[in-house]
Amino acid sequence: QVQLVESGGGLVQAGDSLRLSCAASGRTFSSATMGWFRQAPGKDREFVACITPSTSTYYSESVKGRFTISRDKVKNTVYLQMNSLKPEDTAVYYCAGFTGGNLYTPSNYRYWGQGTQVTVSS
(Lines give C-alpha, C1' and ligand atoms only; values in the text may rest on other atoms or scores of the structure.)
Protein backbone atom coordinates (compact mmCIF):
# COMPACT_ATOMS: atom_id res chain seq x y z
CA GLN A 1 0.00 0.00 0.00
CA VAL A 2 1.40 3.35 -1.05
CA GLN A 3 1.40 5.90 1.73
CA LEU A 4 2.73 9.41 2.25
CA VAL A 5 3.02 10.68 5.81
CA GLU A 6 3.63 14.36 6.53
CA SER A 7 5.12 15.58 9.80
CA GLY A 8 6.84 18.56 11.33
CA GLY A 9 3.99 21.02 11.60
CA GLY A 10 3.27 23.06 14.68
CA LEU A 11 2.46 26.40 16.21
CA VAL A 12 5.13 29.06 15.71
CA GLN A 13 5.44 32.82 15.74
CA ALA A 14 5.85 35.03 12.71
CA GLY A 15 9.45 35.00 11.55
CA ASP A 16 10.14 31.49 12.86
CA SER A 17 11.10 28.43 10.83
CA LEU A 18 9.77 24.91 10.44
CA ARG A 19 10.85 21.90 8.44
CA LEU A 20 8.17 19.59 7.14
CA SER A 21 8.87 16.01 6.13
CA CYS A 22 6.98 13.71 3.81
CA ALA A 23 7.95 10.07 4.21
CA ALA A 24 6.87 7.65 1.51
CA SER A 25 6.30 3.93 1.86
CA GLY A 26 4.96 1.21 -0.36
CA ARG A 27 6.89 2.29 -3.43
CA THR A 28 9.87 4.43 -4.31
CA PHE A 29 9.24 7.97 -5.46
CA SER A 30 12.80 8.63 -6.57
CA SER A 31 11.69 8.87 -10.21
CA ALA A 32 8.63 10.99 -9.48
CA THR A 33 8.07 14.70 -9.15
CA MET A 34 6.83 15.39 -5.63
CA GLY A 35 4.84 18.39 -4.54
CA TRP A 36 3.77 20.27 -1.45
CA PHE A 37 0.37 21.92 -1.28
CA ARG A 38 -1.49 23.73 1.46
CA GLN A 39 -5.07 24.42 2.32
CA ALA A 40 -6.29 27.13 4.66
CA PRO A 41 -9.81 27.04 6.17
CA GLY A 42 -12.40 28.03 3.60
CA LYS A 43 -9.89 28.15 0.76
CA ASP A 44 -8.93 25.87 -2.09
CA ARG A 45 -5.86 23.69 -1.91
CA GLU A 46 -2.97 25.62 -3.44
CA PHE A 47 0.41 24.73 -4.86
CA VAL A 48 3.43 25.54 -2.70
CA ALA A 49 6.45 23.82 -4.27
CA CYS A 50 7.55 20.77 -6.17
CA ILE A 51 10.79 18.97 -6.96
CA THR A 52 11.56 16.82 -9.99
CA PRO A 53 13.65 13.63 -10.05
CA SER A 54 16.57 15.72 -11.30
CA THR A 55 15.97 18.09 -8.33
CA SER A 56 14.68 21.00 -10.36
CA THR A 57 12.42 23.03 -8.10
CA TYR A 58 9.36 25.22 -8.60
CA TYR A 59 7.71 27.54 -6.08
CA SER A 60 4.61 29.63 -5.78
CA GLU A 61 5.28 33.35 -5.79
CA SER A 62 4.00 33.64 -2.21
CA VAL A 63 6.74 31.39 -0.81
CA LYS A 64 9.62 31.95 -3.24
CA GLY A 65 12.74 33.00 -1.37
CA ARG A 66 11.40 31.78 1.98
CA PHE A 67 10.68 28.07 1.42
CA THR A 68 13.02 25.39 0.10
CA ILE A 69 11.97 21.97 -1.12
CA SER A 70 14.44 19.10 -1.13
CA ARG A 71 14.47 15.33 -1.29
CA ASP A 72 16.45 12.39 -0.01
CA LYS A 73 16.02 9.56 -2.47
CA VAL A 74 17.67 7.03 -0.17
CA LYS A 75 15.19 7.82 2.60
CA ASN A 76 12.32 8.20 0.12
CA THR A 77 11.50 11.48 1.85
CA VAL A 78 10.74 15.01 0.68
CA TYR A 79 11.27 18.06 2.86
CA LEU A 80 9.95 21.59 2.96
CA GLN A 81 12.11 24.07 4.85
CA MET A 82 9.99 27.09 5.72
CA ASN A 83 11.73 30.25 6.90
CA SER A 84 10.42 33.70 7.76
CA LEU A 85 6.97 32.31 8.33
CA LYS A 86 3.99 34.63 8.11
CA PRO A 87 0.47 34.34 9.53
CA GLU A 88 -0.81 33.87 5.97
CA ASP A 89 1.22 30.64 5.77
CA THR A 90 -1.19 29.09 8.27
CA ALA A 91 -2.72 26.00 6.65
CA VAL A 92 -2.69 22.24 6.52
CA TYR A 93 0.27 21.18 4.40
CA TYR A 94 0.10 18.12 2.18
CA CYS A 95 2.54 16.25 -0.01
CA ALA A 96 1.66 14.20 -3.06
CA GLY A 97 3.13 12.54 -6.13
CA PHE A 98 2.78 14.14 -9.58
CA THR A 99 1.04 12.11 -12.26
CA GLY A 100 1.32 14.40 -15.28
CA GLY A 101 0.01 17.61 -16.79
CA ASN A 102 0.19 20.99 -15.12
CA LEU A 103 2.58 20.97 -12.15
CA TYR A 104 0.54 23.50 -10.21
CA THR A 105 -2.82 21.70 -10.31
CA PRO A 106 -3.75 19.52 -7.31
CA SER A 107 -5.82 17.14 -9.43
CA ASN A 108 -2.61 16.14 -11.24
CA TYR A 109 -1.23 14.62 -8.04
CA ARG A 110 -2.07 11.42 -6.18
CA TYR A 111 -1.18 9.52 -3.01
CA TRP A 112 -2.09 12.44 -0.78
CA GLY A 113 -1.02 12.22 2.86
CA GLN A 114 -3.17 13.22 5.82
CA GLY A 115 -1.51 16.60 6.10
CA THR A 116 0.28 18.44 8.89
CA GLN A 117 -1.04 21.62 10.48
CA VAL A 118 1.10 24.74 10.43
CA THR A 119 -0.11 27.68 12.48
CA VAL A 120 1.77 30.97 12.49
CA SER A 121 0.80 33.54 15.09
CA SER A 122 1.44 37.25 14.65
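The values are calculated or read from the model by the stated rules, or taken from the named source; none is laboratory data. Everything quoted here is computed from the prediction, not taken from an experiment. Every residue, glycine as well, gets a Cβ built from its backbone with ideal geometry; the counts of neighbours run over all protein chains shown. Ligands, DNA and RNA are excluded from the accessible area calculation, which covers all protein heavy atoms including side chains. Shrake-Rupley method; radii C 1.70, N 1.55, O 1.52, S 1.80 Å.
Below, the figures for the structure above:
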quantity: Scope segment 5-31; condition small (G, A, S), in contact (Cβ under 8 Å) with a residue 24 or more places away in the chain and either out of contact with any Phe, Trp or Tyr (no Cβ under 7 Å at 6 or more places or on another chain) or closer than 14 Å to I69 by Cα (or both); matching residues; calculated: S7, G8, G10, A14, G15, S17, S21, A23, A24, S25, G26, S30
quantity: Some residue of segment 72-81 being farther than 17 Å from A23 by Cα and open to solvent by less than 60 Å² (accessible area, probe 1.4 Å); calculated: no
quantity: Residues of segment 1-17 that turn out to be in contact with a Gly (Cβ under 6 Å, 6 or more places away or on another chain) and either small (G, A, S) or in a strand (DSSP E or B) (or both), as a count; calculated: 4
quantity: Residue count, segment 70-108 (criterion: closer than 26 Å to V120 by Cα, in contact (Cβ under 8 Å) with a residue 40 or more places away in the chain and among the polar types (S, T, N, Q)); calculated: 6
quantity: Residue satisfying condition, being in contact with a strand residue (DSSP E or B) (Cβ under 9 Å, 6 or more places away or on another chain), open to solvent by less than 20 Å² (accessible area, probe 1.4 Å) and assigned to a loop (DSSP other than H, G, I, E, B), within set V63, V48, V120; calculated: V63
